[in-house]
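Every number in this text was worked out from the coordinates using simple rules, so none of it is lab data. Given the structure is predicted, the values throughout are model-derived calculations rather than measurements. Backbone-built Cβ (ideal geometry, glycine too); neighbour counts: all protein chains shown.
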Amino acid sequence: MTEHNDFREAAAKVLDTDDVEGVLSARFYAGAPARQERVRREQPRPSHYKVICISMYTEDLQHLDEMVEVLKARGLTKANRSALIRYALGEVDLDRVPRGL
């Protein structure tokens, strides 16, 4: 039984009870993520853009990424997928879009 007590004494020296309880009460039991979630919900959402999810074939994504890299190599440092897609949308001629789209 003395070996068991030795382990307890060693653990007590390493793990200060007040420190452990302080960390648990401040981080684990206090519900900090819920409080942060509430703050996020109270902030007004931007109305000038929305985050969306679209499906694309992997080959199309690879082509898009290659185009972005070419633009960056040309000095357009802010080029990214979204910017290139937004630009392309402005260039589409709806009268030339094929029927089998």
> For residues in the stretch 45-67 being within 19 Å of the chain's Cα centre (by Cα) and not charged (D, E, K, R), which is farthest from Asn80 (Cα to Cα)?
Replying inline: Pro46
>> If I ask for residues that are part of a helix (DSSP H, G or I), farther than 17 Å from Val51 by Cα and aliphatic (A, V, I, L, M), which ones from the stretch 68-96 would you list?
In response: Val68, Val70, Leu71, Ala73, Ala88, Leu94
> How many residues are part of a loop (DSSP other than H, G, I, E, B) and loosely packed, with under 10 Cβ neighbours inside 10 Å when one looks only at the stretch 43-67?
Replying inline: 14
